[in-house]
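Accompanying notes for the structure given below.
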Amino acid sequence: MKIFVTREIPDAGIKMLKEKGYEVEVSSKDGVLTKEELISAVKGKNYDAVLCLLTDKIDDGIFEAAGPQCKIFANYAVGFDNIDLAAAKKRGIMITNTPGVLTETVAEHTFALMLAVAHRIPEGDKFTKAGKYAGWAPMLLLGSDVSKKTLGVVGLGRIGSRVAYHAVKGFEMKALYYDPKPNPDFEKEYGAKFVDLETLLKDSDFVSIHVPLLPETRHLIGEKELKMMKKTAYLINTSRGPIVDEPVLVKALQERWIAGAALDVFENEPKLAQGLAESDNVVLTPHIASATFETRSKMSEMAASNIIEALSGGIPPNLLK
Ligand code: NAD
């Protein structure tokens, strides 16, 4: 069996594939393969599986190039908006993702962003390192408390519910949530309240987005929604960039419709909307919410397990339908 991995990933999964006796080829390019590069990397090579990343746009042209012997594309991410699932289905190609193993890490990163923007950590860090700290001052870099405030979770799935858990249990926050699938058990256990999106936006001090990128979630947060938020509220996004209308968010930050934002994902990654990086009330991280050694290794193992199961004639545990 021959496997192609589109970029270097932690070794754990590669080892598993090699232990199975599979021939594994990892792209030697230090960067994302362009569509043309991806096509020429797989065309005529008779790979039985491809381990791909969220930065690879996998469409029917790629499936065509990979050839009919290629059984599975295992995505190294829980989100799979980079893959044309319908085209895969038509060709009988299996698509898998890596749910669950990154939940805790992404929830931690969400909280790190929330605390960073509310306590103005990056601003304070920059200020101190620049030698501007001239002594304690009562009005220096005043921020906002997080404890006992109201958190609005948009998308109470694996990650959203873990963020709500930390909020309620750790910070005694009140949790509101909006999700097409209400979760009464979670409501009972954590005192979370199911509300519509409008109520969530109007009543929350922190709004945290955890929905998948779908046609109906693209620009879920635009001008109307940002104007509904409190002027003192913060928007946190660790899901996918296009869920927020980024140029409008820049306007909202500059004109102080909201107090601030913290983002790990961007509408046109790796590009940032004009003015975003210049805003002092925004904290930005480069899509690293799942980037811990432990989690990235588990993702590597999970993607490998999916490939091994598919190539052994079974149904991969994380098969997407
Ligand atoms: P999940 O499927 O467990 O949860 C998603 C939730 O969103 C579900 O409960 C679903 O019902 C809900 N939802 C769907 N459409 C909605 C809508 N229109 N409005 C409100 N809720 C809606 O997924 P998860 O494992 O919690 O991951 C969530 C997303 O986070 C992923 O799809 C991925 O794009 C993103 N993510 C980002 C990173 C990162 O590195 N920044 C890491 C992991 C995941």
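Of note:
- Applying the Karplus relation 6.51 cos²θ - 1.76 cosθ + 1.60 with θ = phi - 60° to the stretch 277-292 yields 3J(HN,Hα) values of 5, 8, 6, 7, 9, 9, 10, 10, 10, x, 6, 10, 4, 9, 8, 10 Hz, where x marks Gly and Pro.
- For Lys35, a cut-off of 17 angstrom between C-alpha atoms picks up these aspartates and glutamates, skipping any fewer than 8 places away in its own chain: Asp56, Asp59, Asp60, Glu64, Asp81, Asp84, Glu269.
- Sorting the segments 161-168, 185-192 by their mean number of nearby beta carbons within 10 angstrom, highest to lowest, gives 161-168, 185-192.
- An ellipsoid equivalent to the stretch 103-284, defined through the eigenvalues of its Cα gyration tensor, has semi-axes of 26, 20, 14 Å when rounded to whole angstrom and sorted largest first.
- Over all distinct Cα-Cα pairs of the stretch 57-120, the Kirkwood formula returns a hydrodynamic radius of 13.8 Å.
- The mean sequence distance of close C-alpha pairs (under 8 Å, at least 6 residues apart), as a share of the length of the chain, puts its relative contact order at 19 percent.
- Fully extended contour minus Cα-Cα distance, from Lys45 to Lys129, at 0.36 nm per residue: 25.1 nm
- Principal axes of the chain: Cα extent on each, largest first, Å: 66, 49, 33
- Of all accessible heavy-atom area on the stretch 29-111, the percent that carbon and sulfur account for (1.4 Å): 57 percent
- Cα gyration tensor shape of the stretch 191-281, rounded if a/c is under 1.5, else prolate or oblate by comparing a/b with b/c: oblate
- For the chain, the per residue solvent-accessible surface stands at 49 Å², with DNA, RNA and ligands left out and a 1.4 Å probe.
- Of interest is the spacing of the C-alpha centroids, which for the stretch 115-187 and the stretch 1-60 amounts to 38 Å.
- The fraction of accessible area contributed by carbon and sulfur in the stretch 257-321 is 54 percent, rounded to a whole number (1.4 Å probe; ligands and nucleic acids excluded).
The values are calculated or read from the model by the stated rules, or taken from the named source; none is laboratory data. Here the structure is a predicted model, which is why all the values come from computation and not from measurement. Note that each Cβ is placed from the backbone with ideal geometry, even for glycine, and that neighbours are counted across all protein chains shown. Only protein heavy atoms, including side chains, enter the accessible area calculation; ligands, DNA and RNA are left aside. Shrake-Rupley method; radii C 1.70, N 1.55, O 1.52, S 1.80 Å.
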